[in-house]
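Notes for the one structure printed next.
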Amino acid sequence: MNVAPILLSLQLAAWTALLMLPLGLFVGRALAWRGFRGKALVEAAVALPLVLPPTVLGYYLLVAFSPHSALGGAFEWLTGEVLAFSFPGLVTASMIFNLPFAVLPMQQAFAAIPHEVREAAWVSGLSGPATLARIELPIAWPGVLAAFVLTFTHTLGEFGVVLMVGGNIPSRTRTLSIAIYDRVQAFDMEAAGLLSAVLLAASLVATALVRALAGRAVRV
Amino acid sequence: MTVPPDVRGLRVRLRQDHPVALDVAFECGAGELLALVGPSGSGKTTVLRCIAGLATPRQGEVACDGEIWLDRRGDVAVSPQRRRVGLVFQHYALFPHLDALANVTSAMSHLPREERAARARALLARVNMEGLEARRPSALSGGQRQRIALARALARDPRVLLLDEPFSAVDQLTRRRLRLELVQLRREIRIPMVLVTHDLEEAQLLGDRLSVLHHGRTLQTGRLENVMRRPAGALVARLLDQRNVFAGVVSHHDEEAGTTWIDWAGTRIECALATRFAPGDRVDWVVPESHVVMHRRERPSRGERENPVRGIVRDVVILGGDARVTLDVHGVDTPLTFEVSVHVAKRNRIAAGAEASVSLLADGIHLMATEATG
């Protein structure tokens, strides 16, 4: 079995999940507690990848990644490489595609902490960062971990967006699900079956983990 | 920043129009317990939050123990972390993932790490929670949670203790016990304490001073007995559950006899001299139920000459051993209310429709300026 697509997908999933962790924390917490102008719009934007066809999102990302656009141009100027059809491009696309998976579980977990509990921490002398580290995260960690696991697994199996912005370049952008598609196209059903089994097992473990985490939430 | 030495204890001035209207002013000395009372939605909790720094009014000052915590004119707004406030939240707001001991030590960042556990154990012992240090809040009863919340509030070595309806979520037996413990605690710590409550009985049991709040406005603050006996106006009297609030007109003063006479719908009522009102002034007046004495049918007494009032019994409600009687007085819309024991009511044949007479004891009658509103 060609393990390169598996390794590439694991790398992509790890980078995406790790980078989304602080972002999800920041956005999830803000959406859980703060009221601000345009909040509904931000929430809609975060949830958009759930309903938007991956090809549509992929198309817009491809346009944004082109060297003629601001983002793609800046990336090329900085690194000398093209963002589209590159691994950093895949990571960027994955991050956007995974926004709802990274943000929503954390938003829910933080929203479940009564505001009074945070205020009690402040009145007890704990600073904002200390309150996050010693009160909020120890209460909300199942949601944070669920977000990480969901983002990781979702990235492992990503297809449409990856194909649109990454193409199918061996060892660079050919991820697990693209390799499966590629093998089926070549009538190599055995290899497709093996790779599919890997993805199935990973997804099953992830969903079981997320279910288990939901049961671990601290009663507030 | 420091304030003049005469401003010890807690001094609160708050003013704003939005989002919650506030016009609040009161002081609370060290070792004193001020009960902040008012109906739901009167802004009591907002006031506590402003003292703790969890809310900031548009205008105002909060000073405690010689430190200014808030001065909107001087642009001072000390953070909640630096105010040294002990706050017991209404629903306790304990940290659910920490055991009782850790809940208390988490408020001890001002102490060296090695001292915290021993001090927290001592505080938990003080609130009768020995042996439960390792329990999480979810494994504790309402009363036990309240005690942990109190221990955590004290763990800060606070300059002021704020209690937000701390006994509202526990059963009556526990409430009585916790109130007793609070009274004992007061003897030991000499800091200002502000108790928010809508329970007047609780305010009277625990408070030295009383501040009455209505729609975010302080109506009256003073010594408990003083506010109870001499409310500033009819609204305060009603908020303090005084039912016998009536309107009258000052008729004349008799300075020699030390009395002022008022006209109450044609009845002359004698009360203590109140020269701050001129003859002809419209006033509101209040007489506590304890100063309404029913005349016995068969046994007239000398006291019956003091402000005798006759009326028809509208209703008698029996509550335990007491009968609450409402009496319609001729020419007055609001009935007079008083209590007698059930056997006295029976012996005097007090029932709806019966005629009865009472005396309003002059030394209990308090005259108040009429209010434009309320």
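I'm trying to understand the selection: among the residues of the range B:69-82, which are facing another protein chain (nearest Cβ under 8 Å) and assigned to a loop (DSSP other than H, G, I, E, B)? Selection gives B:S79 alone. Just one of the numbered conditions (1) buried (at least 21 other Cβ atoms within 10 Å of the Cβ); (2) within 14 Å of another protein chain (Cβ to nearest Cβ); (3) not in a loop (DSSP other than H, G, I, E, B) is not true of B:F95: (3). Assessment of the range A:148-157 against the conditions (in contact with a helix residue (DSSP H, G or I) (Cβ under 7 Å, 6 or more places away or on another chain) and of a type in the set (F, W, Y)) yields at least one matching residue. Say we look at the range B:127-144 and pick out the residues that are in a helix (DSSP H, G or I) and either surrounded by fewer than 21 Cβ atoms within 10 Å (Cβ to Cβ) or among the polar types (S, T, N, Q) (or both); which of these is farthest from the other protein chains (Cβ to nearest Cβ)? It comes out as B:G143. Across the range A:96-120, the number of residues qualifying as within 7 Å of another protein chain (Cβ to nearest Cβ) and part of a helix (DSSP H, G or I) comes to 4.
What strands (runs of 3 or more DSSP E), lying completely within the range B:178-230, carry at least 3 residues that are surrounded by fewer than 21 Cβ atoms within 10 Å (Cβ to Cβ) and over 8 Å from the mean Cα position of the chain (by Cα)?
B:217-223
Applying the set (1) among the small types (G, A, S); (2) facing chain B (nearest Cβ under 9 Å); (3) within 24 Å of B:Q90 (Cβ to Cβ) to A:S127 leaves exactly one unmet item: (3).
All of B:V104, B:V47 fail the test of being crowded, with 24+ Cβ neighbours inside 10 Å and either part of a strand (DSSP E or B) or within 13 Å of another protein chain (Cβ to nearest Cβ) (or both), apart from B:V104. Step by step: first the residues of the range A:168-206, then only those that are surrounded by 13 or more Cβ atoms within 10 Å (Cβ to Cβ) and among the hydroxyl-bearing types (S, T, Y), then the one that is modelled with the lowest pLDDT. Which residue is that? My answer is A:T173. What strands (runs of 3 or more DSSP E) lie completely within the range B:306-374 and have 3 or more residues being over 23 Å from B:I269 (Cβ atoms) and of a type in the set (V, I, T)? Where strands (runs of 3 or more DSSP E) fall fully within the range B:306-374 and carry at least 3 residues being over 23 Å from B:I269 (Cβ atoms) and of a type in the set (V, I, T), they are B:308-319.
Taking the criterion of being within 14 Å of chain A (Cβ to nearest Cβ) and either among the aromatic types (F, W, Y) or crowded, with 17+ Cβ neighbours inside 10 Å (or both), the residues of the range B:50-61 that qualify are B:C50, B:I51, B:A52, B:G53, B:L54, B:A55.
Restricting attention to the range A:135-153 and to residues that are of a type outside the set (A, V, I, L, M, F, W, C) and buried (at least 20 other Cβ atoms within 10 Å of the Cβ), the residue that is nearest to A:A201 (Cα to Cα) turns out to be A:T153. The single condition among (1) within 14 Å of another protein chain (Cβ to nearest Cβ); (2) touching a Phe, Trp or Tyr at 6+ places or on another chain (Cβ under 6 Å); (3) not charged (D, E, K, R) that A:A32 does not meet is (1).
Of the residues that sit in the range B:291-313 and are of a type outside the set (A, V, I, L, M, F, W, C) and within 14 Å of B:A345 (Cβ to Cβ), which one is modelled with the lowest pLDDT? It comes out as B:R297.
Here A:A93, A:A40 are screened, and the one residue that is hydrophobic (A, V, I, L, M, F, W, C) and either part of a loop (DSSP other than H, G, I, E, B) or touching a residue at least 40 places away in the same chain (Cβ under 8 Å) (or both) is A:A93.
Scanning the range A:130-139 for residues that are at the interface with chain B (Cβ under 7 Å from one of its Cβ atoms) and touching a Phe, Trp or Tyr at 6+ places or on another chain (Cβ under 7 Å) yields a count of 1. Is it true that A:S203 is touching a helix residue (DSSP H, G or I) at 6+ places or on another chain (Cβ under 7 Å) and on the phi > 0 side of the Ramachandran plot? Considered against the rule, which asks whether it is touching a helix residue (DSSP H, G or I) at 6+ places or on another chain (Cβ under 7 Å) and on the phi > 0 side of the Ramachandran plot, A:S203 comes out as no. Across the range A:164-220, the number of residues qualifying as of a type in the set (K, R), part of a helix (DSSP H, G or I) and either under 25 Å from A:A93 (Cα atoms) or over 20 Å from the mean Cα position of the chain (by Cα) (or both) comes to 2.
Scanning the range B:158-185 for residues that are farther than 23 Å from B:G41 by Cα and within 14 Å of chain A (Cβ to nearest Cβ) yields B:P158, B:R159, B:V160. Consider the range A:19-30 and keep the residues that are touching a residue at least 40 places away in the same chain (Cβ under 8 Å) and within 22 Å of A:T92 (Cβ to Cβ). The one that is surrounded by the fewest Cβ atoms within 10 Å (Cβ to Cβ) is A:L23.
If you go through the range A:86-134 and keep only what is crowded, with 19+ Cβ neighbours inside 10 Å, under 18 Å from A:L31 (Cα atoms) and among the polar types (S, T, N, Q), you end up with A:N98, A:Q107, A:T131. Just the residues that are of a type in the set (K, R) and part of a loop (DSSP other than H, G, I, E, B), please, taken from the range B:6-35. Once the filter is applied, which keeps residues that are of a type in the set (K, R) and part of a loop (DSSP other than H, G, I, E, B), the range B:6-35 yields only B:R8. Residues that are in contact with a helix residue (DSSP H, G or I) (Cβ under 9 Å, 6 or more places away or on another chain), within 12 Å of chain A (Cβ to nearest Cβ) and either within 16 Å of B:E188 (Cβ to Cβ) or outside any helix (DSSP H, G or I) (or both) within the range B:145-157 comprise B:A151, B:A153, B:L154, B:A155, B:R156, listed in sequence order.
The values are calculated or read from the model by the stated rules, or taken from the named source; none is laboratory data. Worth saying up front: this structure is predicted, and the values here are computed from it rather than measured. All Cβ positions, glycine included, derive from the backbone under ideal geometry; neighbour counts span all protein chains shown.
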